[in-house]
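The values are calculated or read from the model by the stated rules, or taken from the named source; none is laboratory data. Just so we're clear, the structure is a prediction, and the values are computed from it rather than from any experiment. Cβ: placed from backbone, ideal geometry, glycine included. Neighbour counts: every protein chain shown. We work out accessible area using only protein heavy atoms, side chains counted, and drop any ligands, DNA or RNA first. Shrake-Rupley method; radii C 1.70, N 1.55, O 1.52, S 1.80 Å.
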Amino acid sequence: MAVVTGDRIVHLYDDNGERRDKFSTKPADPNGNKNYVVRGMAFSPDSSKLAIGQSDNIVFVYKLGSEWGEKKSICNKFHQSSAITCLCWPHEQAHEVVFGLAEGKVKVGQLRSNKPATLYAHPDHSYVVSLTSSLNGRAILSGHLDGSIYRFFFDDGTAGATHSKLAQHGCVAYALAWGEAICAAGSDCKVVFYNADGGVVQNFDYSGDDEVREFTCASFNPSGETVVVGSFNRYYVFSYNMHRQQWEEAGVKVIDNLYTVTAFGWKPDGSRLSVGSLCGAVDVFDACIRRHMYKGKFEFTYVSNSQVIVKRLQPGTRIVLKSHFGYEITKIDIYDDQYLVAHTGETLL
């Protein structure tokens, strides 16, 4: 897990939450002052690199190395004409990191050529406030200061790259995430779910609750069935009910003195959620739906309806069972302590 703080230092933590390494980010001008702010950070799909977008008009890509303590080297850098405002690294684009600019452009940094390219630009040059990618990594969304949400599809070999305006949100969509649906929220204290065509699917209105302030960030779990939306001193959890075919508020976590939630990060298997806040705290939460033992030898951790982590208690090895069709896993059997058979309503794993 990587955490960057207001002093522009990146801290690296292991799976147990222990800090194992850290390094300082660099200014765009090697001889300049460190008066910039880190606006975005994302791992490459294989976690070997870390992209960092900065307000001093540059994106750096660091090669992390395979062992703790190895020197962190800059393998790519992309200078821009305006400040970097947000950044994401889609799963299917191993050599392309996407970032938004204050001048309203969404660009891609091409690692192989070390050159940036413009994917699209807002017609009115509206500031890019948020970026997110689809679950399959083949498309991205950008939220802009005028409340508009734009969508871009990468060239997949059959259809060329395209972009279009998806929706006009009711306020600036500072919180924007894309899973089984598109979730957008902001200062109007409403959480809105859109479908792939930009139509409103559901709307959760908290504007009448005096305890709720503006929403600041959002993130789907890896399966796309659960989204967390951050606010002041709390975050909300929404889950998709497959049987009712609708989104439901699964709960709200209230943490006194947390202040504004500034960042979310999911563990790739969906079992943990990291929450960063304005005052510099990072809290890690167990994010499973349920957990139970099997014959005293195995532990089943349901991180979503369609994904289960099966852990052998001795020696602690694990495997992730996932229905790629998104079906609910209803039963798991283990034979001869070697073979797993999982049942859904339509398939076998």
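Okay, here's what the table says:
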{"item": "Filtered residues of the range 9-42 (kept if open to solvent by 90 Å² or more (accessible area, probe 1.4 Å), in contact with a Phe, Trp or Tyr (Cβ under 8 Å, 6 or more places away or on another chain) and within 19 Å of V97 (Cα to Cα))", "result": "K26"}
{"item": "In the range 308-339, residue modelled with the lowest pLDDT [restricted to those that are aliphatic (A, V, I, L, M) and over 28 Å from N136 (Cβ atoms)]", "result": "L313"}
{"item": "Check on T301, more than 19 Å from the chain's Cα centre (by Cα) and at pLDDT below 90", "result": "yes"}
{"item": "Residue satisfying all of: in the range 103-115; touching a residue at least 24 places away in the same chain (Cβ under 8 Å) and buried (at least 18 other Cβ atoms within 10 Å of the Cβ); farthest from C88 (Cα to Cα) among these", "result": "G104"}
{"item": "Subset of the range 158-176 (residues that are in a strand (DSSP E or B) and in contact (Cβ under 8 Å) with a residue 40 or more places away in the chain)", "result": "H163, A175, L176"}
{"item": "First in the range 305-329 and among the small types (G, A, S), second anywhere and modelled with pLDDT under 85, Cβ under 6 Å, 6 or more apart", "result": "S306/G326"}
{"item": "Residue list for the range 256-293, restricted to those being among the acidic types (D, E) and surrounded by 12 or more Cβ atoms within 10 Å (Cβ to Cβ)", "result": "D269, D283"}
{"item": "Scope the range 45-81; condition open to solvent by less than 20 Å² (accessible area, probe 1.4 Å) and modelled with pLDDT of 95 or more; matching residues", "result": "L50, A51, I52, G53, Q54, I58, V59, F60, V61, Y62, N76, F78"}
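Quick grid of which residues meet (1) open to solvent by 20 Å² or more (accessible area, probe 1.4 Å); (2) within 19 Å of Y302 (Cβ to Cβ); (3) within 17 Å of the chain's Cα centre (by Cα); (4) touching a residue at least 24 places away in the same chain (Cβ under 8 Å):
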position: G179; (1), (2), (3), (4): no, yes, yes, yes
position: F204; (1), (2), (3), (4): yes, no, no, yes
position: V212; (1), (2), (3), (4): no, no, no, no
position: F215; (1), (2), (3), (4): no, no, yes, yes
position: S219; (1), (2), (3), (4): yes, no, yes, yes
position: Y235; (1), (2), (3), (4): no, no, yes, yes
position: F238; (1), (2), (3), (4): no, yes, yes, yes
position: M242; (1), (2), (3), (4): yes, yes, no, yes
position: E248; (1), (2), (3), (4): yes, yes, no, no
